[in-house]
Amino acid sequence: QVQLVESGGGLVQPGGSLTLSCAASGNILTVNYMAWYRQAPGKQRESVASVTSGGSTNYAHSMRGRFTISRDNAKNTVYLQMNNLQPEDTAVYYCNAEIKVQSTFVTLVYWGQGTQVTVSS
């Protein structure tokens, strides 16, 4: 069994910062890409950023320059540093990862349960 557990969400004022974390645990052989998505009320889930096992990153256009994704391969953990947060960044943020399961050698995509980020004064 593999789990992704996010943490670090909360309430922040406009212009503030938050760092989200997502740790993968369980029957893991390798973790390929790790990524963050978000879903605002009434909107579709959208990609925020991703990072490969080699450290290559990719960002959605609107997050470039404000958000930074990073990962610690030894801890199977991905981070999202979010700066200059605005009310439109309010959403549930989900962790996503492609993982090869140790017991089956099957590669699957897993999702975390989500963490709420609210930007409001």
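The values are calculated or read from the model by the stated rules, or taken from the named source; none is laboratory data. Everything numeric in this text was worked out from a predicted model, so none of it was measured. For the accessible areas, the whole protein counts, side chains as well, though only heavy atoms, and no ligand, DNA or RNA atoms are used. Shrake-Rupley method; radii C 1.70, N 1.55, O 1.52, S 1.80 Å.
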Using the Karplus curve 6.51 cos²θ - 1.76 cosθ + 1.60 with θ = phi - 60°, work out ³J(HN,Hα) for each residue of region 14-25 in order, rounded to whole Hz, and write x for Gly and Pro.
x, x, x, 10, 8, 10, 9, 10, 9, 10, 9, 9
Would you check the accessible area of residue 68, probe 1.4 Å, heavy atoms only, in square angstrom rounded to 10?
70 Å²
Roughly speaking, to the nearest percent, how much of region 1-116's 1.4 Å accessible area is carbon and sulfur?
48 percent
Grab the eigenvalues of the alpha-carbon gyration tensor for the chain, scale each by 5, take roots, and send me the semi-axes largest first in whole angstrom.
26, 14, 12
Just the number please: accessible area per residue for the chain, 1.4 Å probe, all protein chains included, in Å².
52 Å²
Cα convex hull volume per residue for region 1-50 (Å³):
113 Å³
With a 1.4 Å probe and all protein chains kept in place, how much accessible area does residue 71 have, in Å² rounded to the nearest 10?
40 Å²
